Ligand SMILES: [Zn+2]
């Protein structure tokens, strides 16, 4: 299951970027030849996460307790039914109007990386579209789910547990990098973007989605929006923190649960600075969470025609999806 040759071709020490030496047969660890750190390989997954920042630990603990999709899934975890439910959930609930941002049709024969792979849907989808698909996440729950997705469908790829701020990959190994709704949850978002840029090939492209500024993020509209949301929003228990948010700077942090330590958002004016090393080719809006709005027990979406839902999603969604390319020389 663990492909040592493939792993050594792309992995380096996340601490010092030294070359790695496999240990054991079958491989039980990867040792850095430069700094001597040893990274265990457990269940075919290199564990290359170094947590020495208390804020990073708090973020990791939060997402271990509130894993992407797993809290919404009905099927038994990591079974074929679970992964099929995941496909329906993405197509019908999460991405009904945003499938094209992933550009799956472009990845055939390419080496792809999904940073913050969560339950593994993007990694699985890249692999199904013909990529060698690599996923990285800092939680145990996420890397197990993603590795199970690849294994269930016998898809080509690899999963690594690591910190998005210190990726254990060589410079310029990926043709396409994605990170969907992740980098605003780590201690240093800009460092996460720098790492995405570093591991991307010159001429390669990336999709990075971050929380955008919502239309009601101003002192006048926010109290009204909050009143409406308190009545209509019925998020699962682990994510009910929004009920208690008093100001919009806390909105995204609490929306992902009361124990979530980090949830930043960015205005349109912030993106040129965040992605200064890249060329931004397109930025779109998506992901309006209509599925969480209920009148009593009836979902609001039942009263909203599809064309209107689409218009709301693409104009008032939470995510700003930036399509990026890496030039052959670093920009000023
Ligand atoms: Zn090292």
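Just give me the residues in region 264-280 being in contact with a strand residue (DSSP E or B) (Cβ under 8 Å, 6 or more places away or on another chain), touching a residue at least 12 places away in the same chain (Cβ under 8 Å) and surrounded by fewer than 17 Cβ atoms within 10 Å (Cβ to Cβ), in sequence order. Write out each step before concluding.
First pass over region 264-280, keeping only residues in contact with a strand residue (DSSP E or B) (Cβ under 8 Å, 6 or more places away or on another chain): 264-268, 271-272, 274-275, 278-280.
Filter once more, so that each one left must be touching a residue at least 12 places away in the same chain (Cβ under 8 Å): 264-268, 271, 274-275, 278-280.
Those that are in contact with a strand residue (DSSP E or B) (Cβ under 8 Å, 6 or more places away or on another chain), touching a residue at least 12 places away in the same chain (Cβ under 8 Å) and surrounded by fewer than 17 Cβ atoms within 10 Å (Cβ to Cβ): 264, 267, 268, 279, 280.
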Among (1) part of a strand (DSSP E or B); (2) surrounded by 14 or more Cβ atoms within 10 Å (Cβ to Cβ); (3) within 14 Å of the ligand (Cβ to nearest atom), which single condition is residue 21 missing? (2)
From the options 54, 40, 26, residue that is without any contact (Cβ under 8 Å) to a residue 40 or more places away in the chain, assigned by TED's automatic domain parsing to the domain that holds residue 132 and more than 11 Å from the ligand (Cβ to nearest atom): 54
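Give, as residue ranges, the strands (runs of 3 or more DSSP E) completely inside region 117-196 that count at least 2 residues that are farther than 21 Å from residue 106 by Cβ and within 14 Å of the chain's Cα centre (by Cα). First the steps, then the outcome.
Numbers: elements: 132-137, 157-161, 174-180.
So the answer is 157-161.
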Given the structure, is residue 131 touching a residue at least 40 places away in the same chain (Cβ under 8 Å), in the same structural domain as residue 92 (by TED's automatic domain parsing) and under 21 Å from residue 49 (Cα atoms)? no
In region 1-18, what count of residues is obtained for those that are in a loop (DSSP other than H, G, I, E, B) and either in the same structural domain as residue 154 (by TED's automatic domain parsing) or within 15 Å of the ligand (Cβ to nearest atom) (or both)? 7
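Please determine, by comparing only the residues of region 32-46 that are farther than 26 Å from residue 177 by Cα and touching a strand residue (DSSP E or B) at 6+ places or on another chain (Cβ under 8 Å), which one is surrounded by the most Cβ atoms within 10 Å (Cβ to Cβ).
Per the criteria, the residue is 37.
Residues checked against (1) surrounded by fewer than 16 Cβ atoms within 10 Å (Cβ to Cβ); (2) part of a loop (DSSP other than H, G, I, E, B); (3) within 21 Å of the chain's Cα centre (by Cα):
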residue: 248; (1), (2), (3): no, yes, no
residue: 262; (1), (2), (3): no, yes, yes
residue: 282; (1), (2), (3): yes, no, yes
residue: 308; (1), (2), (3): yes, no, no
residue: 313; (1), (2), (3): no, no, yes
residue: 320; (1), (2), (3): no, no, yes
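The values are calculated or read from the model by the stated rules, or taken from the named source; none is laboratory data. These numbers were taken from a predicted model, which means no experiment stands behind them. Quick reminder, even Gly has a Cβ in these numbers, built from the backbone with ideal geometry, and neighbours come from all protein chains shown.
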